[in-house]
Amino acid sequence: MATSASWQPQEEGFKEICGLLEQQISSSSTADKSQIWQQLQHYSHFPDFNNYLAFILARADGKSVEIRQAAGLLLKNNLRTGYNSMAPENQQYIKSELLPCLGAADRHIRSTVGTIVSVVVQLGGILGWPELLQALVNCLDSNDVNHMEGAMDALSKICEDIPQVLDSDVAGLAERPINIFLPRFLKFFQSPHSSLRKLSLGSVNQYIMLMPTALYASMDQYLQGLFVLANDPTTEVRKLWSHLDVVYLCALQVCAAFVLLIEVRPSFLEPHLNNIIEYMLQVNKDNTDEELALEACEFWSAYFDAQLPPENLKEFLPRLIPVLLSNMAYADDDESLNDAEDDESLPDRDQDIKPRFHSSRLHGSDNLEEDDDDIVNIWNLRKCSAAALDVLSNVFGDDILPTLMPIIQAKLSASGDEAWKDREAAVLALGAIAEGCISGLYPHLSEIVVFLIPLLDDKFPLIRSISCWTLSRFSKYIVQNGHEQFEKVLMGLLRRILDTNKRVQEAACSAFATLEEEAAEELAPRLEIILQHLMCAFGKYQRRNLRIVYDAIGTLADAVGEALNQHSVPTDDLDDLQPVCLEILMPPLIAKWQQLPNSDKDLFPLLECFTSIAQALGSGFTQFAQPVYQRCIDIIKIQQLAKVDPASAGVQYDKEFIVCSLDLLSGLVEGLGSGVESLVAQSNLKDLLLQCCLDDAYDVRQSAFALLGDLARVCPVHLHPRLSEFLDVAAKQLNTSKLKETLSVANNACWAIGELAVKVRQEVSPIVVAVISYLVPILLHSEELNNKSLVENSAITLGRLAWVCPELVSPHMEHFMQSWCIALSRIRDDIEKEDAFRGLCAMVKANPSGALSSLVFMCRAIASWHEIRSEELHNEVCQVLHGYKQMLRNGAWDQCMSALEPPVKDRLSKYQV
């Protein structure tokens, strides 16, 4: 085989490949592009094909730059997939051809070479190309602008793609490569060539997060260079910036550097903050280029995230706030303006439908989903400015209102169609400050709401949509203050849910879901008209917004609960009660349920919706339960088969079908209670569930253990045949080196063990000691785990195991009493806490001395009760305390009591100690 030094292309092959590349890139060619691509892929199987591509890129001077570039880009893609399997001599040939091209006369060739160099370094490392570093240094140190720019282009791509490579020790080098290159980068900050300024600044910025020693030591020089670049170019030149202009790109990098530094190392910027704020304000104000203004706008939120003193920014507020409001108006080229039409009948495109992700069921979670107030999907200057105003309002509160409100009022009072964007921005601003400035706005909220309600019917769809969102931000006030306003807002949002514009439909549904959460049972008297509107929307919405209707229906069910079972009362026959809400709600949902096949992802939001409805209706869902239950079983079966044999299943495996089905089954169990027993008895759910508990996917196991715990509460008898297997697999979730990655799985498994324990009692004894040994480290390291739900469930389950098997748990008391009692003292009063304290009492009776060293902590845990409702448990706790009082003589009891805080002692007095 030919060596790299002697390899030469065959004329015929060279011409053939160039011809194919020319046809591939030609817009006027009539050749079949797919066939050409296939031919090129065919050639890729020849060992020296990539040599031809490198030769064409580097040496085909008689060919167009476009053909040479196309050869380079194809070479890059081939190297990505096959570099490490190439013959070493071919690798060497390609590298030897690339290095001289770093200084190619044509900028496009240099750029393509830089991209390939970065790929080769990614795949082969610095050591795999020992000549590269010296070649780059030689280019940087030459006075030839092409060589300097070519080397900087390659280095900037290496810094962006694999920055750690240059900040690592390299065998044979006295220092890390970044130490060699950084002084040269910083020197180029002052280069007369704007391209070098831009590339060097971008390269250094990639290291702000990593902060290598060399950059830390050179921070003063870096900052000085930044400040020089911040004033480059002059104001007159800045007006000429365009996206293609490297000077503009340099300014973009300056803004990015300040944002990165304030996020990572704010202390470096503190001495210079006034100058930096002034610069960012000017760039933010000059919004002739949105991307640059957006980069500058990111600074304001980053400033407060860095917890820098608010006072430094306060003097700039009278200038900053008007800039933010100005930038909150829709830009003329904002793609949202395309939504300003009646488009409800237009089918959604696939790209309009965002991927959705189901959150697996979590028992005892206090972590609510974050509100998605964003009705604009793309992050832009408008949205960033609104977010910055939101942050300012939360930091400075009502102090911003004297500057802000006159501007808002002026924009709202602007008349005429041409001013609609200003009016819309003002409504957005009101929503943005709704939380932070609520105290100052409160006396005027009634007027604000009265002003906003008519805007729900504005002629401009984007004003209608933003008015929905802003009203939802004041939901708490609207619900709490005045029946009349609540009624008007409610009906206004319901009207907009039936809007002819998709964007307004989406905003109205989301706003209504927020109002539902706040209003809760207040909605019960209005259920009929609410459901009529929601189901009308259900019948007319396209796929994307249909998902939001499902969410609004599910949120409604969560909010009103059993009121969904509401009946109408006919005047002529009081015995003929009709479930009016269900008659409106269920037939369309059931029809959709029957229409969708088991492999359709549109089932996901419907399954979630049914979960909420089943939980809300309780026994009222019985009439719908059997087909829903069986469908869930069928889906799980199909997906479990698809996992091992997609061809037999007839569908591709997607675990989310299993997760959603498990969660709906949990909803059925929770809603129907013991009424679900007949359904479970007639199915093989226990076998399917055990398989899910053993699944390798975390979220499948998480939902499976949630269902296991729910079933344990209402029909443990049907789990009995496989009880030991369920207990074993649940216990294993608590004993894993990956506990921090699977906290939610461990949480649900822990809870399920506790639920099984109180039902099957002594039958859990084979796993008790093992489970205790897994729970104790969780309690001992609760601060490190930082998962309230898991710690609470661990404390409750430990107590339940102690209650049913005190003889097994009590010998180990000394190892966990202190941390266990601390955890118990933080749990709210409920039936689960009662079970845990029954375990405490049972253990103390079995081993009184085991708690002596932790008696103070036990007293605090007992004092954490507001009221023990169970008289039996109250008496048991009294006996425990009196037992220790009698045991501890010669002042020992009084010494224990003196260690307790006064409020704790006061609460213990109810136990007569």
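The values are calculated or read from the model by the stated rules, or taken from the named source; none is laboratory data. Computed from a prediction, not measured in an experiment: that's the story for all the values here. Note that we place each Cβ from the backbone using ideal geometry, even for glycine, and neighbour counts take in every protein chain shown. Side chains included, ligands, DNA and RNA excluded: accessible areas come from the protein's heavy atoms. Shrake-Rupley method; radii C 1.70, N 1.55, O 1.52, S 1.80 Å.
What pairs come up if the first residue lies in the range 163-185 and is in contact (Cβ under 8 Å) with a residue 12 or more places away in the chain, the second is open to solvent by 70 Å² or more (accessible area, probe 1.4 Å) and assigned to a helix (DSSP H, G or I), and their beta carbons are under 9 Å apart, counting only those six or more places apart or on different chains?
Correct list of pairs: V165/Q122; D167/T213; G172/P130; R176/T213; I178/T213; N179/T213; P183/Q221; R184/D141.
Restricting the search to the range 59-69, which residues are of a type in the set (A, V, I, L, M, F, W, C), open to solvent by 20 Å² or more (accessible area, probe 1.4 Å) and out of contact with any His (no Cβ under 9 Å at 6 or more places or on another chain)?
Of everything in the range 59-69, nothing turns out to be of a type in the set (A, V, I, L, M, F, W, C), open to solvent by 20 Å² or more (accessible area, probe 1.4 Å) and out of contact with any His (no Cβ under 9 Å at 6 or more places or on another chain).
Name the residue that is most open to solvent (accessible area, probe 1.4 Å), counting only residues in the range 810-842 that are over 41 Å from the mean Cα position of the chain (by Cα) and modelled with pLDDT of 95 or more.
A842
I'm told Q307 meets every condition in (1) farther than 21 Å from G202 by Cβ; (2) buried (at least 18 other Cβ atoms within 10 Å of the Cβ); (3) modelled with pLDDT under 90; (4) not acidic (D, E) except one. Can you identify the failing condition by its number?
(2)
Mind listing just one residue for me: the one in the range 132-169 that is farther than 14 Å from A214 by Cβ and in a loop (DSSP other than H, G, I, E, B) and, of those, most open to solvent (accessible area, probe 1.4 Å)?
Looking at residues that are farther than 14 Å from A214 by Cβ and in a loop (DSSP other than H, G, I, E, B), I get N143.
Would you confirm, using the coordinates I've provided, whether V856 is closer than 19 Å to I822 by Cα, assigned to a helix (DSSP H, G or I), more than 43 Å from the chain's Cα centre (by Cα) and of a type in the set (V, I, T)?
Judged against the criteria, V856 is not a match.
Can you tell me which residue is most open to solvent (accessible area, probe 1.4 Å) among those in the range 788-803 that are among the aliphatic types (A, V, I, L, M) and out of contact with any Gly (no Cβ under 8 Å at 6 or more places or on another chain)?
Checking each candidate, the answer is V791.
Could we say that Y93 is farther than 18 Å from G19 by Cβ and surrounded by fewer than 20 Cβ atoms within 10 Å (Cβ to Cβ) here?
Taking the combined requirement at face value, the residue does not satisfy it.
Tell me yes or no: at least one residue of the range 530-544 is in a helix (DSSP H, G or I), open to solvent by 20 Å² or more (accessible area, probe 1.4 Å), at pLDDT 90 or above and more than 19 Å from V580 (Cβ to Cβ).
Within the range 530-544, none of the residues are in a helix (DSSP H, G or I), open to solvent by 20 Å² or more (accessible area, probe 1.4 Å), at pLDDT 90 or above and more than 19 Å from V580 (Cβ to Cβ).
Taking the conditions exactly as written (within 23 Å of L546 (Cα to Cα), of a type outside the set (D, E) and outside any helix (DSSP H, G or I)), does S599 satisfy them or not?
Criteria met by S599.
Checking K476 against (1) touching a residue at least 40 places away in the same chain (Cβ under 8 Å); (2) buried (at least 20 other Cβ atoms within 10 Å of the Cβ); (3) farther than 26 Å from V323 by Cβ, only one condition comes out false. Which one?
Of the numbered conditions (1) touching a residue at least 40 places away in the same chain (Cβ under 8 Å); (2) buried (at least 20 other Cβ atoms within 10 Å of the Cβ); (3) farther than 26 Å from V323 by Cβ, the odd one out for K476 is (2).
Go through the range 843-893 residue by residue and tally those that are in contact with a Cys (Cβ under 7 Å, 6 or more places away or on another chain) and open to solvent by 30 Å² or more (accessible area, probe 1.4 Å).
Total satisfying the criteria: 5.
Scan the range 347-365 and tell me whether some residue there is of a type in the set (A, V, I, L, M), within 29 Å of F512 (Cα to Cα) and modelled with pLDDT of 90 or more.
Checked the range 347-365: no residue is of a type in the set (A, V, I, L, M), within 29 Å of F512 (Cα to Cα) and modelled with pLDDT of 90 or more.
Looking at S765, is it among the hydroxyl-bearing types (S, T, Y), open to solvent by 90 Å² or more (accessible area, probe 1.4 Å) and either closer than 26 Å to A842 by Cα or not in a helix (DSSP H, G or I) (or both)?
No, not satisfied.
Could you check how many residues of the range 88-116 are of a type in the set (V, I, T) and over 35 Å from the mean Cα position of the chain (by Cα)?
So the first thing to find is which residues in the range 88-116 are of a type in the set (V, I, T), and the list is 94, 109, 112-113, 115-116.
From the residues that got through so far, the ones that are over 35 Å from the mean Cα position of the chain (by Cα) too are 94, 109, 112-113.
Count: 4.
Name the single residue that is most open to solvent (accessible area, probe 1.4 Å) among those in the range 638-661 being in contact with a helix residue (DSSP H, G or I) (Cβ under 6 Å, 6 or more places away or on another chain) and not in a helix (DSSP H, G or I).
By that ranking, first place goes to Q652.
Output the qualifying pairs, or none if there are none: Cβ atoms under 8 angstrom, residues six or more apart or on different chains, first residue in the range 113-130 and touching a residue at least 12 places away in the same chain (Cβ under 8 Å) and hydrophobic (A, V, I, L, M, F, W, C), second residue open to solvent by less than 10 Å² (accessible area, probe 1.4 Å) and in a loop (DSSP other than H, G, I, E, B).
If the second residue must be open to solvent by less than 10 Å² (accessible area, probe 1.4 Å) and in a loop (DSSP other than H, G, I, E, B), the pairs left are V120/W129; V121/W129.
Against the condition outside any helix (DSSP H, G or I) and under 28 Å from I767 (Cβ atoms), how does R826 come out, does it pass?
yes
How about the range 402-448: which of its residues are of a type in the set (D, E), under 24 Å from N481 (Cα atoms) and more than 32 Å from the chain's Cα centre (by Cα)?
E447, the sole residue that qualifies.
Between a first residue in the range 770-799 that is of a type in the set (K, R) and a second residue that is part of a helix (DSSP H, G or I) and crowded, with 18+ Cβ neighbours inside 10 Å, which pairs have beta carbons less than 9 Å apart while being 6 or more apart in sequence or on different chains?
K788/S782
Can you pull out every residue in the range 423-458 that is closer than 22 Å to K502 by Cα, open to solvent by 50 Å² or more (accessible area, probe 1.4 Å) and either in contact (Cβ under 8 Å) with a residue 24 or more places away in the chain or among the aromatic types (F, W, Y) (or both)?
Hit for the range 423-458 is D457, nothing else.
Go through (1) in a helix (DSSP H, G or I); (2) aliphatic (A, V, I, L, M); (3) surrounded by fewer than 17 Cβ atoms within 10 Å (Cβ to Cβ) one by one and return the number of the condition L127 breaks.
(1)
Checking I613 against (1) over 18 Å from P597 (Cα atoms); (2) surrounded by fewer than 24 Cβ atoms within 10 Å (Cβ to Cβ); (3) under 31 Å from the mean Cα position of the chain (by Cα): exactly one of these is not met. Which one?
(2)
This table checks each residue for (1) of a type outside the set (S, T, Y); (2) touching a residue at least 60 places away in the same chain (Cβ under 8 Å).
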{"position": "S666", "(1), (2)": "no, yes"}
{"position": "S674", "(1), (2)": "no, no"}
{"position": "N684", "(1), (2)": "yes, no"}
{"position": "C692", "(1), (2)": "yes, no"}
{"position": "A704", "(1), (2)": "yes, no"}
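Of all residues in the range 170-181, which are aliphatic (A, V, I, L, M) and not in a helix (DSSP H, G or I)? Can you show your working first?
Step one: of the range 170-181, the residues aliphatic (A, V, I, L, M) are 170-171, 173-174, 178, 180.
Once the filter is applied, which keeps residues that are aliphatic (A, V, I, L, M) and not in a helix (DSSP H, G or I), the range 170-181 yields V170, A171, L173, A174.
Restricted to the range 12-26, and to residues that are closer than 19 Å to G72 by Cα and free of Cβ contacts under 8 Å to residues at least 40 places away in the same chain, which residue is most open to solvent (accessible area, probe 1.4 Å)?
Result: K15.
I'm checking my understanding of the structure. Among residues of the range 29-54 that are open to solvent by 40 Å² or more (accessible area, probe 1.4 Å) and within 26 Å of S111 (Cα to Cα), which one is modelled with the lowest pLDDT?
Applying the first criterion (open to solvent by 40 Å² or more (accessible area, probe 1.4 Å)) to the range 29-54 yields 30, 32-35, 37-39, 41-43, 45-48.
Applying the additional criterion that residues be within 26 Å of S111 (Cα to Cα) yields 33, 37, 41, 43, 47-48.
Details: K33: 80, W37: 87, Q41: 86, Y43: 88, P47: 90, D48: 93.
For the range 29-54, the residue satisfying everything is K33.
For the structure I just gave you, tell me whether L325 is under 25 Å from I400 (Cα atoms) and either at pLDDT below 75 or not in a loop (DSSP other than H, G, I, E, B) (or both).
yes
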